[in-house]
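To keep things clear, I will list the structure first and then write my remarks on it.
The values are calculated or read from the model by the stated rules, or taken from the named source; none is laboratory data. No experiment lies behind these values; they were computed from the predicted model shown. Cβ: placed from backbone, ideal geometry, glycine included. Neighbour counts: every protein chain shown. Accessible surface is based on the protein model in full, side chains and every heavy atom, while ligands, DNA and RNA are left aside. Shrake-Rupley method; radii C 1.70, N 1.55, O 1.52, S 1.80 Å.
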Amino acid sequence: LCHDAKSKYTSVDKLVAVHILGECPVGEASVVVGCSSPHRREAIRCTEYLIDELKGRVPIWKKEIYEGDETSVWKENVEWHEGRRRRVMVKEE
């Protein structure tokens, strides 16, 4: 993912994309993406690309537990469905 982003946004110097494994308490960060570039616009676009591609390429599951209810539901991210990538929103450039 990072190699693809670096190829696409050539002025980006350094970048990172990390997703937590295991339990993540409500309100805590589960993903960190970022990059550095001499050009603000390129850094912002690269950061958007990283989070969109991470969610589109990786099946990320979360367990929702509802207050006052004894049941829970596992949900996959909507951008990844049954192993097939699909885009939810596409930004025109």
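Quick notes on this one:
- Flag if PRO59 is touching a strand residue (DSSP E or B) at 6+ places or on another chain (Cβ under 6 Å) and not β-branched (Val, Ile, Thr): yes
- For the stretch 29-40, a tally of residues being more than 21 Å from GLU79 (Cα to Cα) and either in a loop (DSSP other than H, G, I, E, B) or touching a helix residue (DSSP H, G or I) at 6+ places or on another chain (Cβ under 9 Å) (or both) returns 5.
- Taking the criterion of being open to solvent by 70 Å² or more (accessible area, probe 1.4 Å) and in a strand (DSSP E or B), the residues of the stretch 41-82 that qualify are TRP61, LYS62, LYS63, ILE65, TRP74, LYS75.
- As a summary of the residue check, ALA43 satisfies the conditions (1) under 25 Å from CYS24 (Cβ atoms); (2) in contact with a strand residue (DSSP E or B) (Cβ under 8 Å, 6 or more places away or on another chain); (3) modelled with pLDDT of 80 or more except for the one numbered (1).
- Taking residues in the stretch 49-63 that are farther than 21 Å from LEU15 by Cα, and partners anywhere that are of a type in the set (Gly, Ala, Ser) and surrounded by 15 or more Cβ atoms within 10 Å (Cβ to Cβ), not one pair has Cβ atoms closer than 9 Å while being at least 6 places apart or on different chains.
- For the stretch 6-34, the candidate set comprises residues that are farther than 14 Å from LYS55 by Cα and under 14 Å from the mean Cα position of the chain (by Cα); within that set, the residue that is most open to solvent (accessible area, probe 1.4 Å) is LEU21.
- Every residue from the stretch 5-30 that is touching a Leu at 6+ places or on another chain (Cβ under 9 Å) and in contact (Cβ under 8 Å) with a residue 24 or more places away in the chain: ALA5, TYR9, LEU15, ALA17, HIS19
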